[in-house]
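**Student:** My structure is below; once you've seen it, I'll send some questions.
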Amino acid sequence: MVSDLRFLLLQTRNADDPMREQEVRCFANAFRCELKQIEVIDLLTGAPTPDQLQSWDAVLLGGSGEYSVAEGGPWLPAALAAMHELYALAKPTFASCWGFQAMAKAFGGEVVTDASRAELGSVVVTVTQAGRKDDVFQNAGEQFMAQMGHQDIVTRLPEDAVLLASSELVTNQAFRLRNKPIYATQFHPELNREALIERVEAYPHYIEKIAGMTVDEFERTHCQQTPIAEQLLRDFIGKYVIRSRTCA
């Protein structure tokens, strides 16, 4: 049961970022769990130890507010090392947006800032042939809508990655690490339409910079509900956490 699970969210957000708490709420809503089931560790102040990582049922990585994998920072090497620990532990892990880029970087992928391929709003994602056979993505159909907000792009996946989905502008939209319960998506499956609007309103400069329109116009034309993307998180937990407990 989801109510029995404990999640660790690794955040990369400033202390005054208004989306710190919102991100926790979004994952809780997506999993249909209580807020108290999600604990947060701030990667800007230090990475978790292997013992800490071992004690949770699943680990989550989300967005970053003002931080970039491509630009790096003194805290980033320790954060990437923690991702190697997750791999060694075979810990069920779901990384979105910044987490997707960091996971790719940690295992030898390439991340660049490319404003020409920035995506913001609800975007069509196409599932690859490998994705249609994947335990998590197989029920998503050929295409679905997903919430985006990024200008950093993963231009090369790790050698051990299986590409699961692409969009028109960005080929590498989702991957899993082969033979590990570790998934990563450039898009935000934890966000619904309302949460996306709340998120972009907190960073209004992104709307002007990426979409080139007013907030009202953006909300009318670029924001839709994305139920299939949200279901991916529940399918991930059902397959790699709840079922593994049942089979243990």
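Every number here is computed from the coordinates shown, using simple stated rules; none is lab data. Because the structure is a prediction, the values reported are computed rather than measured. Please note: Cβ atoms are built from the backbone with ideal geometry, for glycine as well, and neighbour counts cover all protein chains shown.
**Student:** Listing E66, E23 from the residue with the fewest other Cβ atoms within 10 Å to the one with the most, what is the order?
**Tutor:** Ordered by Cβ neighbours within 10 Å, fewest first: E66, E23.
**Student:** With charges only on Cβ, +1 for K and R and -1 for D and E, what is the dipole size of segment 2-247 about its Cα centre, in debye, rounded to 20?
**Tutor:** Details: 23 positive and 33 negative charges, 184 e Å.
In total the dipole reaches around 880 debye.
**Student:** Which Cα, out of Q224, F7, Q186, lies furthest along the positive dipole direction of the chain (beta carbon charges, K/R +1, D/E -1)?
**Tutor:** Going by the charge dipole, the pick is F7.
**Student:** Between the alpha-carbon centers of segment 11-54 and segment 121-157, tell me the distance in whole angstrom.
**Tutor:** 23 Å
**Student:** Evaluate the distance, in nm, between pseudo-label points positioned 7 Å from the Cα of D16 and of I242 along their respective Cα→Cβ axes.
**Tutor:** Each label point is offset 7 Å from its Cα along the Cβ direction, giving 4.2 nm.
**Student:** Right, another one. Write out the GluC sites (Glu not before Pro) in segment 69-116 meeting two conditions: DSSP loop, and at most 11 other Cβ atoms within 10 Å of their Cβ.
**Tutor:** Values: sites: E71, E85, E110; in loops: E71.
Of the GluC sites (Glu not before Pro), the ones in loops of segment 69-116 whose Cβ has at most 11 other Cβ atoms within 10 Å are E71.
**Student:** Here is a further query. Over segment 107-182, what is the relative contact order in whole percent, taking alpha-carbon pairs under 8 Å and six or more residues apart?
**Tutor:** Relative contact order comes out at 37 percent.
**Student:** Can you put L169, L177 in order of Cβ neighbours within 10 angstrom, beginning with the fewest?
**Tutor:** By the 10 Å Cβ count, ascending: L169, L177.
**Student:** Pick from P158, P77, P181 the residue whose mean-square fluctuation is largest in a GNM of the chain, springs joining Cα atoms under 10 Å.
**Tutor:** P77
**Student:** To continue, here is another question. I want to check a number: in segment 2-247, how many lysine pairs have alpha carbons closer than 28 Å, given a sequence separation of 8 or more or different chains?
**Tutor:** Pairs that pass both the separation and distance tests number 14.
**Student:** Moving to a separate point now. Whose amide H sits under 5 Å from the amide H of A95, counting only residues 5 or more places off or on another chain, with H placed in the peptide plane?
**Tutor:** L61, Y183, A184, T185
**Student:** Once amide H atoms are placed 1.01 Å from N in the peptide plane, what residues at a sequence separation of 5 or more from A58, or on another chain, have their amide H within under 5 Å of its amide H?
**Tutor:** R6, L8
**Student:** Rounded to the nearest 20 debye, what is the charge dipole size of segment 58-185 about its Cα centre when +1 sits on each Lys and Arg Cβ and -1 on each Asp and Glu Cβ? If you can, show how the numbers build up before the last one.
**Tutor:** Values: 9 positive and 13 negative charges, 75 e Å.
It works out to roughly 360 debye.
**Student:** Based on DSSP H assignment, which helices of the chain show an axial Cα extent of at least 15 Å together with a mean Kyte-Doolittle hydropathy greater than or equal to -1.0?
**Tutor:** Helices meeting the span and hydropathy rule in the chain are 19-31, 76-89, 227-237.
**Student:** I've got another one for you. Under the rule a/c < 1.5 gives rounded, and otherwise a/b versus b/c splits prolate from oblate, where does segment 32-154 land using the Cα gyration tensor?
**Tutor:** oblate
**Student:** If you don't mind, there's one more thing I want to ask. Output the relative contact order of segment 51-124, whole-number percent, from Cα pairs under 8 angstrom with separation of 6+ residues.
**Tutor:** On the way: 62 pairs, mean separation 29.2, N = 74.
Reported relative contact order: 40 percent.
**Student:** If I model a spin label as a point 7 Å beyond the Cα along the Cα-Cβ vector, how far apart are those points for A81 and R178 in nm?
**Tutor:** 2.8 nm
**Student:** Give the shape of segment 2-247 as rounded, prolate or oblate, defined through the alpha-carbon gyration tensor: a ≥ b ≥ c are the square roots of its eigenvalues, a/c under 1.5 means rounded, and otherwise the shape is prolate if a/b is larger than b/c and oblate if not.
**Tutor:** Details: a/c = 1.31, a/b = 1.22, b/c = 1.07.
Rounded, since a/c falls under 1.5.
**Student:** Given only helices, namely DSSP H runs of n ≥ 4 each adding -39500 (n - 2.57), what is the per-residue ellipticity at 222 nm of the chain, to the nearest 500 deg cm²/dmol?
**Tutor:** About -9000 deg cm²/dmol.
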